[in-house]
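Trainee: The structure follows.
The values are calculated or read from the model by the stated rules, or taken from the named source; none is laboratory data. Because the structure is a prediction, the values reported are computed rather than measured. FYI the Cβ positions are ideal-geometry reconstructions off the backbone, even for glycines, and counts take in every protein chain you see. In case anyone asks, the SASA skips ligands and DNA or RNA and just uses the protein heavy atoms, side chains included. Shrake-Rupley method; radii C 1.70, N 1.55, O 1.52, S 1.80 Å.
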Amino acid sequence: MFRKILFPTDFSEISLCVLENCIPKLKAEEVILVHVIEYVEDLSVLETLQMEAKKKMDEAVNKLKERGVNAKGFVTVGSVAPAISREARCPSIEILDRAYCERVDAIVIPSKGKHAKIVTIGSTALNVVRRSNVPVLVIKCDYVDEKPVIADCENLFKRPLVALDLSPCSDLVVSTLRIFEEEVEKCTFLHVIDYGAVEELDENISKARKALEIYAEKFKFESEILVETGDPAKEIISKAVEKESTAIILGKTGRSLIKELLLGSVATAVTKESKVPTLIVPCK
């Protein structure tokens, strides 16, 4: 598993559910908790918010320590410059700064699922996924009978679906998979073809299958090779459901935020729509 992870928390019901029921099972050597307070000009109010957050942070850290997790927490204040863009004031900036300073191996962040009270991954989580230079594991949380329910984190990488675009980014994704090699029982390697002329389809399928087989041969666990055609995000999500995958692992290629907002991103779409945990690996 990852050696050192960062977990941003807003102390919400969902966040605390993931913190208590998932984080200890990831077996990291160290867990860094961070809570970002939005800046307010009234210093007395700001001080009160800090004190309340510090108390909640201490409680969260102590609960992890009781579970045998080596943890520490930070409470930080967001940007004091509201004249700057909204995103610049977003907690994601402070989260990513803390991840850089602590030299973490991954960021684990909770997200509301399809049937949660608010159907959205949230701007903070999306910005973290888009901008992080380390892998981001998004844990979906849904509500059943008004109670938050998350994935089985103990078997998170038991049956992963690994989506590869066969670019140089795929090597990084596969390298990340090696971190969990001992946890995997069976892995599905998937490539989705959304390119080339119709008359090239058979050849492209053959080439993709051979490429996936080369990646699969690097591991000892059982593997299944799938090559599909269509919209990559939709195919990744549907195959994860069909194969009862415990997690989706895919790469995020570097592109400007403007291009991503205009053209969309496979990684972003999968993160938003997938019902299973998603591990996004950044590729520079």
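Trainee: Suppose all protein chains stay in the model; what accessible area per residue would a 1.4 Å probe give for the chain, in Å²?
Mentor: With the other protein chains kept in place, the chain gives 52 Å² per residue.
Trainee: Next up: Can you find, among PRO282, LEU250, THR9, the residue sitting farthest towards the positive end of the charge dipole of the chain, where Lys and Arg contribute +1 and Asp and Glu -1 at Cβ?
Mentor: Value: THR9.
Trainee: Still on this structure, please answer the following. Using a 1.4 angstrom probe with every protein chain in place, what is the largest-first accessible-area order of MET1, MET57?
Mentor: The residues order as MET1, MET57, largest area first.
Trainee: Just to verify a number: what accessible area does GLU224 come out at with the full protein assembly present, 1.4 Å probe, Å² rounded to tens?
Mentor: Ignoring ligands and nucleic acids, GLU224 comes out at about 50 Å².
Trainee: If you don't mind, there's one more thing I want to ask. For a quick check: with amide H placed at 1.01 Å from N, whose amide H comes under 5 Å from LYS252's, ignoring anything fewer than 5 positions away on the same chain?
Mentor: VAL281, CYS283
Trainee: Would you list TYR39, TYR195 from the most to the least accessible area, probe 1.4 Å?
Mentor: Sorted by accessible area, descending: TYR195, TYR39.
Trainee: Something else about it: Can you compute the charge dipole magnitude of the chain about its Cα centre, using +1 on each Lys and Arg Cβ and -1 on each Asp and Glu Cβ, nothing else charged? Give it in debye, rounded to the nearest 20.
Mentor: 440
Trainee: Looking at the chain, I'd like the Rg to Rh ratio, where Rg is from alpha-carbon atoms and Rh is Kirkwood's inverse mean 1/r.
Mentor: With Rg and the Kirkwood Rh in hand, the quotient comes to 0.99.
Trainee: Next question. How large is ³J(HN,Hα), in whole Hz, for each residue of the range 192-200 in order, when computed from phi with the Karplus curve 6.51 cos²θ - 1.76 cosθ + 1.60 and θ = phi - 60°, using x for Gly and Pro?
Mentor: Per-residue couplings from phi come out as 10, 8, 10, 9, x, 6, 4, 5, 9 Hz.
Trainee: With the full set of protein chains in place, find how many percent of the accessible area of the chain is carbon and sulfur; take the probe as 1.4 Å.
Mentor: 50
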